[in-house]
1. Could you please give the count of residues in the stretch A:1-10 that are within 14 Å of chain B (Cβ to nearest Cβ) and more than 8 Å from ligand 3 (Cβ to nearest atom)?
2. Could you tell me whether residue B:290 is outside any strand (DSSP E or B) and touching a residue at least 24 places away in the same chain (Cβ under 8 Å)?
3. Every residue in the stretch A:39-52 that is more than 8 Å from chain B (Cβ to nearest Cβ) and either surrounded by fewer than 18 Cβ atoms within 10 Å (Cβ to Cβ) or more than 27 Å from the chain's Cα centre (by Cα) (or both), please.
4. Among the residues of the stretch A:341-356, are any at pLDDT 95 or above, within 14 Å of chain B (Cβ to nearest Cβ), crowded, with 23+ Cβ neighbours inside 10 Å and in a strand (DSSP E or B)?
5. In the list B:374, B:378, B:388, which residue meets the criterion of being over 14 Å from residue B:443 (Cβ atoms) and hydrophobic (A, V, I, L, M, F, W, C)?
6. Can you tell me which residue is nearest to ligand 4 (Cβ to nearest atom) among those in the stretch A:420-474 that are open to solvent by 40 Å² or more (accessible area, probe 1.4 Å) and in a helix (DSSP H, G or I)?
7. Kindly indicate which of B:389, B:397 is of a type in the set (Gly, Ala, Ser), open to solvent by 10 Å² or more (accessible area, probe 1.4 Å) and within 14 Å of another protein chain (Cβ to nearest Cβ).
8. Just need a number here: residues in the stretch A:207-233 that are part of a strand (DSSP E or B) and in contact with an Asp or Glu (Cβ under 8 Å, 6 or more places away or on another chain).
There are 2 protein chains.
Amino acid sequence: MKIVIIGGVAGGASAAARARRLDETAEIVVLERGEHPSFANCGLPYYVGGKIESRQKLLVAPVKMLRERHRLDVRTRSEVTQIDREKHIVHVRNLDSNESYLESYDKLVIATGAASFRPAIPGIESSRVMELRDLADADRMHAVVTSTAKRAVIVGGGFIGIEVAENLVSRGIHVTLVELGDQILTPWDREMIGSIDAHMRAQGVDIRLNDSVERFEETQGGLRMLLKSGETMEADFAVVSIGVRPESKLAVDSGIECAPRGGVVTNEHMQTSDPDIYAVGDVSQVQCFVSKTPIQIPLAGPANRQGRIAADHIFGRESSYRGTQGTAIVGVFGMTAAMTGLSEKVLQRSSIAYEKVYIHPSDHAGYYPGAQPLTLKLLFDPKSGVVLGAQCVGTSGVDKRIDVIAMAIQAGMTVFDLEEVELCYAPQYGHAKDPVNMAGFVASGVVRGDQPLVHANALAGDNGAFLLDVRSESEFAAGHIPGATNIPLESLRERKSELPQGQKINAYCKVGQRGYVATRILMQHRFDVANVSGGYTSWGHHQH
Amino acid sequence: MKIVIIGGVAGGASAAARARRLDETAEIVVLERGEHPSFANCGLPYYVGGKIESRQKLLVAPVKMLRERHRLDVRTRSEVTQIDREKHIVHVRNLDSNESYLESYDKLVIATGAASFRPAIPGIESSRVMELRDLADADRMHAVVTSTAKRAVIVGGGFIGIEVAENLVSRGIHVTLVELGDQILTPWDREMIGSIDAHMRAQGVDIRLNDSVERFEETQGGLRMLLKSGETMEADFAVVSIGVRPESKLAVDSGIECAPRGGVVTNEHMQTSDPDIYAVGDVSQVQCFVSKTPIQIPLAGPANRQGRIAADHIFGRESSYRGTQGTAIVGVFGMTAAMTGLSEKVLQRSSIAYEKVYIHPSDHAGYYPGAQPLTLKLLFDPKSGVVLGAQCVGTSGVDKRIDVIAMAIQAGMTVFDLEEVELCYAPQYGHAKDPVNMAGFVASGVVRGDQPLVHANALAGDNGAFLLDVRSESEFAAGHIPGATNIPLESLRERKSELPQGQKINAYCKVGQRGYVATRILMQHRFDVANVSGGYTSWGHHQH
Ligand SMILES: Cc1cc2nc3c(=O)[nH]c(=O)nc-3n(C[C@H](O)[C@H](O)[C@H](O)COP(=O)(O)OP(=O)(O)OC[C@H]3O[C@@H](n4cnc5c(N)ncnc54)[C@H](O)[C@@H]3O)c2cc1C
Ligand SMILES: Cc1cc2nc3c(=O)[nH]c(=O)nc-3n(C[C@H](O)[C@H](O)[C@H](O)COP(=O)(O)OP(=O)(O)OC[C@H]3O[C@@H](n4cnc5c(N)ncnc54)[C@H](O)[C@@H]3O)c2cc1C
Ligand SMILES: CC(C)(COP(=O)(O)OP(=O)(O)OC[C@H]1O[C@@H](n2cnc3c(N)ncnc32)[C@H](O)[C@@H]1OP(=O)(O)O)[C@@H](O)C(=O)NCCC(=O)NCCS
Ligand SMILES: CC(C)(COP(=O)(O)OP(=O)(O)OC[C@H]1O[C@@H](n2cnc3c(N)ncnc32)[C@H](O)[C@@H]1OP(=O)(O)O)[C@@H](O)C(=O)NCCC(=O)NCCS
């Protein structure tokens, strides 16, 4: 068995190492265009920023190790330029000698990843307009940020743009971030990201939403950018990070089926339309675990696992990929945003019925020092309660809650299951009722009809409704939703005659909990009442 | 409907609050012996230690709030002395006036918790021999530790003993911890706890295993203790924390079915043998979620959820408790131990077939600064791969991994599921292959027969075997398992003729990964080989 693997990083190296463990006799050739296989893409921003000091650390599995330990025929600076499926050969160019040769295969794995997308903006070819995908990019950016650079413009507020922004700031560089959309971190729902946006601004990042760069011009030692808004900006350099595109040209050219968005179409064993050819990682199109529709999400975990599955299948094992769930996390200036499953906007776009709740618990028991606020949004099927997605933002304990809910989604669990799950509790780690349980309680109450909800983003449309603020008088005085009437929860039972029977009442408090208790009281007195999910806090999140 | 609840903290207050949300008209009486309902038991050690500065913070839901917000008839300093099931009344003593009265009920909830166990050791009645269960205990201990106390002896190395030890040390008190067993934190398997034990000793805690106090004697301003080992010890005070016993006397006396170990027997709705009487929290005996056998585990999460379920059932809802899974966590001097499901010793005691793997990953990507070691033990069914339990120890990311595996157990997942789960990954939070995936890979390989295992604790019995160390020469020189022969993995293929065909070979490395690769290589060359799970590290953990 001779296996040729194109691309030697997350998906490719994983396929290669697993293949060797499965078969000592196989010939395994890894062809990698770059200087190093198996490097830590995800560490590049932190190397640029100096958090990771040693470049050496980024080389997760050096060539020597892959050769000696796994007996892989790893060839770096070796670019595959063509796949000849008929003859079962690939054309390889040695980028040092510039010579080309042919390499035959029994099974081929395409693990070429995805390239940074560079739109056709005039001037974008300037060497001052950088991107960050591989070590060579990182080296270039490292050189710039450790020299005299003072100002940078980042185009695109996705994961990489955000991470680069933080790392440039930590180098003392002033960063302007230009984002075409009306929010940064578009995989999340907009109202969840406002606090990250505000936090970044507070750290000095100048964020420009709804804008884009229309032209780059090199100046004496710098770069000038013309924005769509008409503004002109000067900086030492720019970073373009507006997404990636599958590097599927080899596949396209050889007639392997690719999706309109560029990904190589694969089945559950990561096989392409040519059964002797597999595609894994960012280059492939897979199924969404939740919606069962095609997706391309560039993530390291899926790439690694897909490589392993492809190797298994090459050796006759029935391993199969379950689909990508979209579990993602990003940290910036000490804050964390994480998500799993489908977002509200994707649910809307896909016309999938859903309901949602917001809660605002602390990461651990409030009576133990250092408790930090979290915002957790849970999306679920309004009838069955099956969990469809979750998003969480905060400074601590964010990854844990999303990992836990990611498990729930993997297991097909419902919000009723979340009520009952038994998680670690001691006061420095969580709550006797963990935020995950709490989200389960709230969502289950909604599905069971115990708690009619109204959402903060729908309040404005609920014109005829009576808006009831059940917080204390001092909380009300410090700020409230326009048009609200204040009756503190504690006196609601005595003062319920002040409320209109027959009219819709929307009740709210700070986070939703007292609003819920008020809702329970009023429902039992036959008022037509709903609770504002997430309360004044979620209402605030929708105001920007 | 008139509901009477005995005990107003975790289980009782939760039942009461939920009952009110379900029914505005119900009469709900909460009878609490202590001065405060709804206090944070779990915070008491940290209040003693000064980490929680304000006593006020421990009062999670003050009486005023329970009365005003939930309209609960909360009566503190009110002890129930008898249940008359026939007449549906309880006898209540007002501890301030010392007067008694009768209170009728339609439904009764027993939420009396569990009392610290005080064995009949001579002198244990001394006021210098303390315990820590409630606020009054905490007040007494707080007074002592903030006065002139310099030395304390803690009897019992369970959760509370460990937490109290840390908190006394942080008050500058010298602590000796006497534990009857051969390990502290007995819910965990012994080899998992060695690092916690060593860490506590390094912080100055004098741990005495396999010993116990046989006599307490008050001295001039202090306490003298005579140990089983013959030693005599002097201290300012002692803390007895050798476990708790359900406070089920009321139930026993009124003829409600109780288990031999004292817990009130309950069904899945938390009903006792008397359908009008429920028992929730530490006083109740429930089912183990994994083994489906009766257990009593005193944990705050289950108590809270059981209270909620009892309230539901009182109002005709079919909510049911799924059993306690044993998810537990303890922090001490910056280290964390957590577990979920069954331990190896419980599996052995219950004669449940199991296999186990150990892995020693870091909490997050090694190339990102601050990565800390974890030890993760996964227990699973050797045939089906169903996850039975997990234990994790480290300084960071411990709670997350156990919570994730707790979800797997709740969902009935297998080790094959753990291979595929998609968790958050960015380098500061985890790994592209999270430790949970990694444990899944290793365990799946074991179930599939790809990786025959030998356990470090069984090595000594494997006398006829050839012990192969595949680490580097320098690692070998720095220490190895006695009797091992060193052939570094990288040269194993060339040097395999040095190995005995026909003889059993046990291969190991530092953590198990290279040992596994060696196992794969040698298996394919028809050697009879097994990998030492967890490698030299796990072997070390078994040596103490
Ligand atoms: C800056 C940055 C930060 C990231 N952070 C995270 C994160 O925090 N979490 C996360 O989950 N994911 C993150 N990612 C994404 C993650 O790195 C990718 O999803 C993952 O590496 C994809 O693996 P892959 O094997 O498909 O492609 P890659 O790892 O990109 O490897 C593809 C390789 O193929 C080579 N190649 C391409 N074409 C050819 C050819 N014709 N011939 C030979 N070789 C070729 C390329 O040189 C490249 O080295 C990050 C990515 C970047 C760039
Ligand atoms: C110091 C300490 C630390 C802990 N740390 C943790 C932790 O980190 N994580 C965790 O999960 N669990 C922890 N626990 C355990 C947790 O607190 C208990 O599992 C939980 O409180 C049990 O709830 P409960 O309602 O059954 O009993 P309790 O919370 O103990 O409440 C029972 C109440 O009933 C009252 N009562 C008893 N008898 C009568 C009577 N006859 N009449 C009237 N009232 C009566 C008692 O005064 C008491 O207030 C800790 C416990 C202690 C003591
Ligand atoms: C490192 C790399 C070459 C993959 O190598 P790999 O050997 O497949 O993966 P790992 O080193 O994680 O080891 C996993 C294997 O070791 C086994 N293993 C791990 N720990 C073990 C232990 N303690 N005992 C026994 N086996 C163990 C696992 O079972 C698994 O083997 P399997 O797949 O046959 O079941 C590849 O992941 C890579 O190039 N990574 C860097 C690039 C990258 O991922 N970038 C994106 C993220 S920054
Ligand atoms: C506080 C205490 C009285 C319980 O009160 P509780 O109201 O049942 O519980 P919580 O305050 O956690 O609130 C949970 C309720 O609010 C609802 N809720 C919480 N956040 C909400 C939100 N943002 N929007 C809507 N509803 C929300 C939940 O759905 C749940 O209601 P439900 O049970 O009817 O579904 C009780 O837990 C207690 O005494 N705790 C302290 C003692 C203790 O637990 N000790 C051991 C640990 S230290």
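The values are calculated or read from the model by the stated rules, or taken from the named source; none is laboratory data. On a predicted model such as this, the values are computed, not experimentally measured, just so you know. Methodologically, a virtual Cβ is constructed for each residue, glycine included, from the backbone with ideal geometry; neighbour enumeration extends over all protein chains shown. In case anyone asks, the SASA skips ligands and DNA or RNA and just uses the protein heavy atoms, side chains included. Shrake-Rupley method; radii C 1.70, N 1.55, O 1.52, S 1.80 Å.
1. 1
2. yes
3. Scanning the stretch A:39-52 gives a single hit, A:50.
4. yes
5. Answer to the check: B:374.
6. For the stretch A:420-474, the residue satisfying everything is A:438.
7. Result of the check over B:389, B:397: B:397.
8. 9
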